[in-house]
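Here is the structure we will look at.
Just so it is clear, none of the values below were taken in a lab; they were calculated from the coordinates. As the structure is a computational prediction, the values presented were derived from the model and not from experiment. As a convention, Cβ positions derive from the backbone with ideal geometry for all residues, glycine included, and neighbour counts pool all protein chains shown.
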Amino acid sequence: MKTLSLRRDQVLADPPFAQHLFGNRFFGWLWLLPRLWLGYTWLDAALHKISDPAWTQTGETILGFWTRAVAIPESGRPAISFDWYRGFIQLLIDNNAQTWFGPLVAYGEFLIGLALILGAFTGIAAFAGAFMNWNFLMAGTASTNGLLLVVAILLVLAWKVAGTIGADYFLLRWLGTPWGKSPTAEPAAKR
């Protein structure tokens, strides 16, 4: 049973449903379809951008998006609701960041999609995708980003099992996690 100790005499346990859904390898089959769908969605979006020089060479496309996002239309309501985020986007515009940011978005989407489809580092890939979706939402682009963000967050929560039907089955056994030893690691020899 997974528990969290708040004080010596108080322990909180995860609900059994959450323990099974996010920690039982059997549920890897349940996470396969959302993972593949999300991966395909990222890969499809990336391939359109990678094949377009306005994304990967000049960054004109993302510059146009940023310019429209920071503009204040006649209605008085800009696409970006938060001043600090509008300031961040304006800083990118002022520093010609589109030349490196356009390729970063295009190839980042490609790597996220590929990792999700392969089931390689699923939790990390889903987190990166969620971060990109959050940024798209902050910049005023609703589209499907809300749904993609929710699916990505669920995959982050299911990181232990979401990639078991994929490369994570081998990667997590081989590499382990940064916060713990690999389950198959040999104990270190005593000196």
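Side notes on the structure shown:
- Structure-derived Rg and Dmax of the Cα atoms in Å: which label, when the choices are (1) 19.7, 64; (2) 15.7, 46; (3) 20.6, 74: (3)
- Comparing mean-square fluctuations of 33, 12, 111 from a GNM of the chain with C-alpha springs under 10 Å, the top value falls on 12.
- Charged-residue dipole, Cβ positions (Lys, Arg, Asp, Glu), the range 34-175 about Cα centre, Debye nearest 20: 380
- For the chain, adding -39500 (n - 2.57) for each run of n ≥ 4 DSSP H residues and dividing by the number of residues yields -19500 deg cm²/dmol at 222 nm.
- Summed residue charge, Cβ within 13 Å of residue 66's Cβ, Lys/Arg positive, Asp/Glu negative: 0
- For residue 109, net neighbour charge (Lys/Arg +1, Asp/Glu -1) across residues whose Cβ lies under 11 Å away: 0
- Lys/Arg +1, Asp/Glu -1 at C-beta; the range 34-175 dipole; positive extreme among 122, 56, 45: 122
- Helix 60-70 vs. the chain, principal-axis angle (Cα, 0 to 90°, nearest 10): 90
- Comparing 176, 59, 23 in a Gaussian network model of the chain where C-alpha atoms under 10 Å apart are linked, the largest mean-square fluctuation is found at 176.
- For the chain, built as a Gaussian network whose Cα springs stay under 10 Å, the top-fluctuating residue of 52, 168, 83: 83
- With the cut-off at under 13 Å, measuring from each backbone N in the range 31-66 to a point 7 Å along the Cα-to-Cβ line of residue 88 picks out no residue.
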